[in-house]
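Here is the structure we will look at, set down as structure tokens.
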Amino acid sequence: MANNFLKTAFLLAALAVGLGAFGAHALREIIDERSLQTYQTAVHYHFIHVIALAITGMLLKNSNSKWYIRAGYLFLAGIILFSGSLYTLTLFKAASVTNMNWLGAITPVGGLCFIAGWLSLFAAVAFSAKN
């Protein structure tokens, strides 16, 4: 599982670089500033949680804690739901597709996944501590 999280994190990091470059160069010319900020928020959280996923994979190499495994899946779900929904909303706006704002309801679910992932890392450390 550790290597799967690490491989996934590294591929998602490459994707984040590509999507960031796409936003900085191609999207900048066709969307408004607010939409560009939304897209940049997606890239920012994508990067942060790719790093969290990689750290989780490294921690799993030393411990097979179910909490680390949960954290990894939660970070992955958060990237897909949080950043993915923001990317999708922005791209629909760039393509002048309307009535897709309902996708914004998915974003907070991804944010909750991020929070639960961090809390899972906390639980892994707290419950494995030898007092």
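Filter region 56-84 for residues that are of a type outside the set (Ser, Thr, Tyr) and within 14 Å of Leu19 (Cβ to Cβ); which is surrounded by the most Cβ atoms within 10 Å (Cβ to Cβ)? Give the derivation first.
Here is the first cut: in region 56-84, the residues of a type outside the set (Ser, Thr, Tyr) are 57-62, 64, 66-67, 69-72, 74-82, 84.
Remaining after also requiring within 14 Å of Leu19 (Cβ to Cβ): 79-80, 82, 84.
Working: Ile79: 28, Ile80: 15, Phe82: 24, Gly84: 18.
Among those that are of a type outside the set (Ser, Thr, Tyr) and within 14 Å of Leu19 (Cβ to Cβ), it is Ile79.
Ile79 - would you say it is at negative phi, touching a residue at least 60 places away in the same chain (Cβ under 8 Å), not basic (Lys, Arg) and not in a loop (DSSP other than H, G, I, E, B)? Taking the combined requirement at face value, the residue satisfies it.
Hey, among the residues in region 1-25 that are crowded, with 18+ Cβ neighbours inside 10 Å and farther than 17 Å from Thr88 by Cβ, which one's modelled with the lowest pLDDT?
Within region 1-25, the first condition is being crowded, with 18+ Cβ neighbours inside 10 Å, and the residues that meet it are 2, 5-6, 8-9, 12, 16, 19, 23.
Next, from what is left, pick out any that are farther than 17 Å from Thr88 by Cβ: 2, 5-6, 8-9.
On the way: Ala2: 89, Phe5: 97, Leu6: 97, Thr8: 97, Ala9: 98.
Filtering region 1-25 for residues that are crowded, with 18+ Cβ neighbours inside 10 Å and farther than 17 Å from Thr88 by Cβ, the one modelled with the lowest pLDDT comes out as Ala2.
Does region 33-55 contain at least one residue that is in contact with a Phe, Trp or Tyr (Cβ under 6 Å, 6 or more places away or on another chain), among the hydroxyl-bearing types (Ser, Thr, Tyr) and crowded, with 18+ Cβ neighbours inside 10 Å? Spell out the reasoning first.
At the first step, the residues of region 33-55 found to be in contact with a Phe, Trp or Tyr (Cβ under 6 Å, 6 or more places away or on another chain) are 42, 45, 49, 52-53.
Next, from what is left, pick out any that are among the hydroxyl-bearing types (Ser, Thr, Tyr): 45.
Imposing the further condition that a residue be crowded, with 18+ Cβ neighbours inside 10 Å reduces the set to 45.
For region 33-55, residues in contact with a Phe, Trp or Tyr (Cβ under 6 Å, 6 or more places away or on another chain), among the hydroxyl-bearing types (Ser, Thr, Tyr) and crowded, with 18+ Cβ neighbours inside 10 Å: present.
Give the residues of region 26-73 that are part of a helix (DSSP H, G or I), at pLDDT below 90 and within 24 Å of Ser120 (Cβ to Cβ), sorted by residue number. None; the set is empty.
The values are calculated or read from the model by the stated rules, or taken from the named source; none is laboratory data. This structure is a prediction, so every number in the text was calculated from the model and none was measured. Using ideal geometry, Cβ is built from the backbone for each residue, glycine included, and neighbour counts are taken over all protein chains shown.
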